[in-house]
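The values are calculated or read from the model by the stated rules, or taken from the named source; none is laboratory data. Bear in mind that the values here come from a model prediction, so they are computed numbers and not experimental data. All Cβ positions, glycine included, derive from the backbone under ideal geometry; neighbour counts span all protein chains shown. These accessible areas exclude ligands, DNA and RNA; they are computed on the full protein's heavy atoms, side chains included. Shrake-Rupley method; radii C 1.70, N 1.55, O 1.52, S 1.80 Å.
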Amino acid sequence: MNRTTIKDLKAAVGQEVSIAGWVDVRRDHGKLIFFDIRDATGKVQAVALPNHPEAKQIAETLRSEWVVRMTGNVNARPPKMVKNEEANGGIEFEILGIEVLSAAKELPFELNADINIDTYLDNLPLTLRAPKHAATFKVQAVIAREFRAFFNSQGFTEFQAPKLIGDDAEGGANSFDVEYFKHTAHLAQSPQLYKQIMVGVLERVFALGNVYRAEKHSTTRHLNEYTSMDIEMGFIKDHHDVMNIEGAFMSHLMKVLAQECAAEFKLLGATIPTVPEQIPFMTLREAQQLITKETGKDCTNEPDLEPEHERWLCTYASEKLGSDFIFITHFPTAKRPFYTYRDEKDPAYTKGFDLLFRGVEITTGAQRIHNYDDLVQSMKDKKLDPEKFSYYLQAFKYGLPPHGGFGMGLERLTAKLLGIDNVKEAALFPRDINRIDNLLSK
Ligand code: AMO
C-alpha cells in the first residue's frame with residue numbers, strides 16, 4: 001500500500017491507508033493506547049484497540065520517537081470528540097498493523113518540554129524535531145527560496161561567492177584565519193567585493209551563502225557563521241533605488257508567507273508584518289534629534305545607533321508611521337566601510353542605510369563609490385593599502401557603473417519575523433564563541 005502523508009488523511013475518511021512517521025506522544029488509557037503520530041506534514045491521533053491484538057501487542061512496545069509504518073482505518077471522530085483547533089482534530093487513525101522501522105532509545109526529556117537554550121543546543125538532532133523549531137526552519141527555507149525567486153524575477157543573476165579570501169578584504173578585525181597551504185587565508189565576512197566585481201559582468205547579481213564573523217562576544221543577535229542574502233545592482237540613481245527594491249522584496253515575501261506559512265506563524269504565536277508601499281526613511285541625524293526630543297536623552301553626537309535607539313525607532317515607526325520597518329540613512333563616513341558613497345552635499349555622511357525591523361538592524365546597504373580614483377582615495381583615508389586590493393580595483397579601473405546593494409542576515413530576519421528572542425534559535429546549527437555543535441571547552 002502506498003504511503004499517505006498525514007496532512008492528506010482528512011481526505012481519506014472511510015478508507016484503509018498506510019502512514020509512516022514518528023511516535024510523538026503515547027497515552028495509555030485502560031485497554032486503549034493512543035499515539036500522536038508525526039510526519040513532516042503534520043500529526044494525527046492513532047489508537048490501538050484490543051480487537052486488533054497483533055497490532056496492540058506491538059503498540060505496547062512503542063515509545064516516543066520510534067519510527068513506524070502503520071496501516072489502519074481513517075475514521076471520522078464523533079462530533080463531541082472533534083478538536084477544531086487541530087488540523088486533524090476531526091479524524092482518528094484506527095491502527096490495524098504496525099511495522100517498526102527504527103526503535104529509539106529513551107529520550108533525555110520530552111520533545112515539547114520547556115528546556116533552556118544550552119540543553120536545546122546540546123541536543124539539536126533531537127530538539128530540532130519539535131514542531132515549533134521545525135516550523136522555524138520551514139519558514140526560513142521559504143524566505144531563502146523567495147529571495148531567489150524575487151530577485152530572479154527582477155533580472156538579477158545568482159552567483160556563488162568564494163568563502164576563502166586571500167587578504168582580509170574588508171579590513172576588519174572580525175576575520176577568521178585559516179591555514180592555506182603555506183599561507184594564511186581568511187573566511188569571507190561577506191561577498192561584498194565579489195558582488196561589486198560582478199556588477200561589471202552581469203549588472204544585477206545576488207548571492208545567498210554562509211559568511212563568517214569572528215565576533216568574540218556572545219549576544220542574542222550575533223552568530224559566528226550566518227547566512228547572508230546579498231544583492232548588488234548597476235546603473236542606480238542613488239541609494240533609494242536599492243531601498244526601493246528591498247521594500248518591494250519585503251512586500252513580496254510577506255505575501256508569500258501569508259499564503260504558505262500561516263500555520264507556522266500561528267504555531268509560533270507570530271504575526272506577519274505589513275509592509276507599506278513606501279517604507280519610511282530618515283537620516284541618522286534626524287533620527288537622533290527625534291530620539292533626543294522624545295526621550296530627553298541626548299544622542300545627537302553619537303556616530304551610530306545603540307541597540308536601545310534601534311528599538312525605540314522601531315516602536316516609533318510602528319506606532320506613528322504605520323510600519324514595522326524603517327530605513328535609517330546617512331551614517332557618518334568615518335563609521336562606514338571604504339566602498340560607501342559619500343553624499344555630495346555633505347561628504348561627512350554616506351548614501352548608506354540600515355533597515356530596522358522589530359527593534360533590530362536586519363540589513364546594511366548603500367550606494368558604492370564607482371570611480372577608481374575616489375575609491376583609491378577612500379582606501380587611503382581609511383588607512384588601507386590600495387595595493388592589497390589591486391585585484392578588486394581592476395573592476396573600477398576598467399569601468400564600473402554607479403551601483404549599490406545590500407546584505408541581509410537570514411537568521412536575524414527569521415528571528416524577528418517569528419518573534420524568536422535569540423538569533424541562535426533561528427540558525428539551524430549555530431556557531432558561537434563557546435560552541436561548534438559541541439561545547440568547545442567544559
Ligand atoms: P553588515 O556587516 O552590516 O554589512 O551585515 C549585513 C547584515 O548581516 C547581518 N549580520 C549578522 N547576523 C548574524 N550574526 C552576525 N554576527 C552578523 N553580522 C551581520 C545583519 C546585518 O544587517 N557588506 C555589507 C552589506 C552591504 O553593504 O551590502 C555587510 O556585510 O542582518
Next item on the list: Obtain the nm distance between the two label points defined at Leu428 and Phe235 by a simple spin-label model: each point lies 7 Å from its Cα along the Cα-to-C-beta direction.
Entry: 3.7 nm
Check: Along the Cα-to-C-beta direction of Ser218, a point sits 7 Å from the Cα; which residues of the range 428-442 have their amide N less than 15 Å from that point?
Finding: 430-442
Next item on the list: May I ask you to order 14-25, 256-267 by the average number of other C-beta atoms within 10 Å around their residues, highest value first?
Entry: 14-25, 256-267
Next item on the list: Please calculate the 1.4 Å probe accessible area of Tyr316, with all protein chains present, and give it to the nearest 10 Å².
Entry: 50 Å²
Note to self: So if I place +1 on the C-beta of Lys and Arg and -1 on the C-beta of Asp and Glu, and nothing else carries charge, what would the dipole magnitude of the range 39-182 be about its Cα centre? I want it in debye, nearest 20.
What the structure shows: 620 debye
Item checked: For the chain, accessible area per residue (1.4 Å probe, heavy atoms of protein chains only), Å² -> 50 Å²
Item checked: Nearest-0.05 FRET efficiency for Asn371 and Tyr391, computed from C-beta distance (R0 30 Å) -> 0.95
Next item on the list: Two decimals is fine: what's Rg over Rh for the range 128-192, C-alpha atoms, Kirkwood radius as Rh?
Entry: 1.15
Note to self: Just to be sure I understand: if I project the alpha-carbon convex hull of the range 39-97 onto a plane and average over all orientations, what area do I get in nm²?
What the structure shows: 4.6 nm²
Next item on the list: Quick one: angle between helix 307-320 and the longest Cα principal axis of the chain, in degrees between 0 and 90, rounded to 10, please.
Entry: 80 degrees
Item checked: Among Ile369, Ile236, Pro191 - extreme Cα towards positive end, dipole of the range 121-439, charges at beta-carbon -> Pro191
Next item on the list: For His29, His240, give the ranking by accessible area with the largest first, probe 1.4 Å.
Entry: His29, His240
Next item on the list: With runs of 4+ DSSP H residues as the only contributors, calculate the mean residue ellipticity of the chain at 222 nm using -39,500 (n - 2.57) per run, divided by the residue total and rounded to the nearest 500.
Entry: -9000 deg cm²/dmol
Check: What accessible area, in Å² to the nearest ten, does a 1.4 Å probe give for Lys335?
Finding: 110 Å²
Check: How large is the convex hull of the Cα atoms of the range 81-210 per residue, expressed in Å³ as a whole number?
Finding: 259 Å³
Check: Ignoring ligands, DNA and RNA, what percent of the accessible area of the chain is carbon or sulfur (1.4 Å)?
Finding: 50 percent
Next item on the list: With springs only between Cα atoms under 10 Å apart, run a GNM on the chain and tell me which of Gly247, Gly409, Gly97 wobbles the most.
Entry: Gly97
Margin query: From the convex hull of the Cα coordinates of the chain, what is the mean projected area in square nanometres?
Written below: 27.0 nm²
Item checked: Angle between the chain longest axis and helix 284-295 axis [Cα atoms, degrees, rounded to 10] -> 70 degrees
Checklist line | Most mobile listed residue (His370, His239, His183) in the chain, GNM with C-alpha springs under 10 Å | finding: His183
Checklist line | Which of Ser102, Val67, Ala46, positive extreme of dipole for the range 6-102 (C-beta unit charges) | finding: Ala46
Checklist line | Note, ³J(HN,Hα) from phi for the range 37-46, Karplus 6.51, -1.76, 1.60, rounded to Hz, x at Gly and Pro | finding: 9, 10, 10, 5, 9, x, 10, 9, 7, 10
Check: Working out 0.36 nm times the residue gap between Lys182 and Arg77, then minus their Cα-Cα distance, what length gain in nm do you get to one decimal?
Finding: 30.8 nm
Margin query: Quick check for me: using +1 on Lys/Arg Cβ and -1 on Asp/Glu Cβ, what's the dipole size of the chain about its Cα centre, in debye to the nearest 20?
Written below: 620 debye
